[in-house]
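What follows is one structure encoded as structure tokens, with my remarks underneath.
Bear in mind these aren't lab numbers, they're just calculated from the coordinates by the rules spelled out. Note that the structure is predicted; figures quoted are calculated from it, not measured. We place every Cβ from the backbone using ideal geometry, glycine too, and count neighbours over all the protein chains shown.
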Amino acid sequence: MKCRECGEQHPAKRIYACQECFGPLDVIYDYNDISLTKDVLRGRRQNLWRYFELLPINDRENMIDLGAGYTTLQKCEELGKRIGLKNLFIKNDTTNPTYSFKDRPASVAVSKALEFHTKAVGCASTGNLAAATAAHAAKAGLPCYVFIPEGIEPNKIAQTAAYGARIIKVKGTYDETNRLAYQAAELYNIDIVNINLRPYYVEGSKTLAYEVCEQLDWHTPDRVIIPTASGAMLCAIEKGFREFKELGLTDEVDTKLVCAQAEGCAPIVKSFNTSSRQVQPIENPETVAHSLAIGDPGDGIYVLEKLRRSKGTAEAATDKEITDAIELLAQTEGIFAEPAGGVSVAVLKKLAERGEIDPNEKVVCYVTGNGLKSPEALPSQITESIPIEPRIQSFAYVIGR
Amino acid sequence: MTEITIIFSHALISATNNQREIRVKGENLGEILNKLAKRYGNEFKKKLFDKEGKIKRFINIYINGKDTRFLDGLETKLKKGDEILIIPAVSGG
Ligand SMILES: Cc1ncc(COP(=O)(O)O)c(C=O)c1O
Ligand SMILES: [Zn+2]
């Protein structure tokens with residue numbers, strides 16, 4: 001592993017902070033030792049473990065595989081037409097085993113926990129990681145402690161509880177919940193996947209980039225729209241594109257990164273717009289996109305660097321724009337997203353309509369969570385329906401004909 | 001002078017003679033950190049402060065669970081029994 005700040009290298013142990021400077025650690029690979037070719041990959045299983053050599057697991061025995069990954073990259077003619085884009089694709093990660101992209105990092109982290117002979121795992125979650133960690137822990141036979149802030153959608157909690165996880169609901173924000181989980185990890189020897197297993201955990205999300213390259217016939221897109229909370233996924237996607245180039249699996253990487261946040265919790269967008277190098281945290285996020293409500297994004301400063309380097313941008317969407325986008329996506333492409341997906345589609349729409357995206361650009365918009373996780377986000381006018389008498393006249397009446 | 005409890009992250013204790021929790025006297029956060037820097041020396045300073053002597057951007061300090069960036073930063077006044085927690089900023093989800 002290598003320190004993101006000072007560059008010092010460390011063995012791949014159960015550590016997450018640099019012993020020299022306290023900076024965050026990232027897993028590194030010797031790309032000369034990895035012989036992944038297009039032909040090899042074509043013959044592999046259709047999930048994220050097809051990239052085994054690029055994931056930080058040593059022994060295949062430890063793989064916890066619920067089938068996460070290799071989701072559809074959907075060409076979006078209809079949505080594209082509506083917003084004026086000719087080459088638009090949605091990476092539809094709503095179809096993962098627990099219905100969000102979090103199955104990718106969770107499956108890698110829980111596998112790593114087995115490799116470390118961990119006794120218990122857990123996570124600090126804004127909702128989706130909870131179910132993802134709980135499901136993979138169940139399959140691994142490990143007890144699981146899930147820390148969530150109050151206010152998370154009931155479906156996400158029910159789903160997590162069904163997998164048998166111990167749910168610790170905290171009075172406070174995500175950031176307070178995360179800090180508590182941090183202390184619990186140290187004192188009670190629980191491997192919190194997104195805290196002390198963080199370097200391994202984030203590797204799972206790189207597969208969002210690998211798959212898109214493969215699905216675009218071994219080319220990188222011109223632009224990607226990424227719903228962002230802590231920024232871990234955005235950093236992982238950027239690393240994924242770079243690694244595919246390193247291995248000669250794709251051409252030059254010239255992908256503009258777009259960080260999409262919810263207006264009520266947009267600390268990275270704010271810093272980007274004021275050209276700051278720091279990220280000022282937000283104490284009390286307020287947004288319909290609960291899964292993106294991280295006021296103090298751990299990877300925020302690194303996201304800013306990557307946005308600038310890729311000539312990308314950052315943009316926020318209001319609650320109304322988010323729910324409108326959920327409907328637009330569902331009604332044009334048949335994909336039902338949770339609010340985080342609404343955020344990326346809303347930002348995509350804004351940039352396209354403002355003319356900031358060339359109509360011919362190859363754009364990939366990441367839709368990372370399923371709408372069934374948060375049906376209450378939709379306005380009641382569209383979800384309510386009044387029952388009618390089982391008579392054809394009543395039907396005629398309600399459809400107005 | 002006011003006595004304060006300080007709790008260090010595991011990842012930091014190699015720089016604090018393996019101490020996880022100590023008590024120190026001081027009136028504000030800046031003063032406490034200076035005392036710690038004197039007590040533990042270079043190894044500690046190298047981990048906590050950047051080249052300009054500021055707290056590193058990937059380190060978070062909490063007082064009684066509240067992020068000091070929402071308080072007065074290094075100027076934050078302390079009272080008896082306050083608990084300071086020093087941990088790296090960790091990404092979430
Ligand atoms: C559905 C969904 N999309 C996106 C994100 C943002 O991920 P990150 O915290 O890595 O920026 C989350 C985070 O919880 C999420 O649940
Ligand atoms: Zn370092």
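Overview of results
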read-out: GNM result for chain A, Cα springs below 10 Å: residue of A:Q159, A:Q215, A:Q19 fluctuating most strongly; value: A:Q19
read-out: Residue of A:A317, A:A209, A:A140 that the Gaussian network model of chain A assigns the largest fluctuation, springs spanning Cα pairs under 10 Å; value: A:A140
read-out: Loop sites in segment A:43-146: GluC sites (Glu not before Pro), DSSP, at most 14 other Cβ within 10 Å; value: none
read-out: Kirkwood Rh, Cα atoms: Rg over Rh of segment A:263-401; value: 1.11
read-out: Per-residue average of Cβ from other chains inside 10 Å of A:291-299; value: 4
read-out: Cβ-based charge dipole, the protein assembly as shown, positive-most Cα from A:A209, A:M63, A:T313; value: A:M63
read-out: Backbone HN-Hα couplings from phi across segment B:24-34 [Karplus 6.51/-1.76/1.60, Hz, Gly and Pro as x]; value: 9, 9, x, 9, 9, 4, x, 4, 4, 5, 4
read-out: Value at 222 nm in deg cm²/dmol, rounded to 500, when DSSP H runs of n ≥ 4 in chain A each add -39,500 (n - 2.57); value: -11000 deg cm²/dmol
read-out: Loop-located trypsin sites (Lys or Arg not before Pro) in segment A:249-346, at most 11 other Cβ atoms within 10 Å (DSSP); value: A:R277, A:K311
read-out: Whether segment A:186-295 is rounded, prolate or oblate, judged on the alpha carbon gyration tensor where a/c under 1.5 counts as rounded; value: oblate
read-out: Nonlocal amide H pairs with A:T313, under 5 Å, H built at 1.01 Å; value: A:L257, A:V258, A:C259
read-out: Of the chymotrypsin sites (Phe, Trp or Tyr not before Pro) in segment A:202-278, those whose Cβ has at most 14 other Cβ within 10 Å and which sit in DSSP loop; value: A:W218
read-out: GNM result for chain A, Cα springs below 10 Å: residue of A:P387, A:P285, A:P149 fluctuating most strongly; value: A:P387
read-out: Separation in nanometres of the label points that stand 7 Å from Cα toward Cβ, at A:E150 and A:R166; value: 2.3
read-out: Diffusion constant of segment A:1-87 at 20 °C, which comes from Stokes-Einstein with the Kirkwood Cα-pair radius and 1.002 mPa s, µm²/s; value: 130
read-out: Residues with amide H under 5 Å from that of B:I59, placed H, sequence gap 5 or more; value: B:A89
read-out: Folded to 0 to 90 degrees: helix A:103-115 orientation relative to chain A principal axis, Cα; value: 30
read-out: Inter-chain shielding of A:16-24 (mean C-beta neighbours from other protein chains, 10 Å cut-off); value: 6
read-out: Longest to shortest principal axis, alpha-carbon extents of the protein assembly as shown, angstrom; value: 82, 55, 47
read-out: Ranking of A:T126, B:T16 by count of other Cβ atoms within 10 Å, fewest first; value: B:T16, A:T126
read-out: Given charges at beta-carbon only (K, R positive; D, E negative), |dipole| of chain B in Debye; value: 240
read-out: Peptide A:174-186, shielding by other chains (average Cβ, 10 Å cutoff); value: 4
read-out: Beta bridges by DSSP in the protein assembly as shown, antiparallel share as percent, to the nearest 5; value: 40
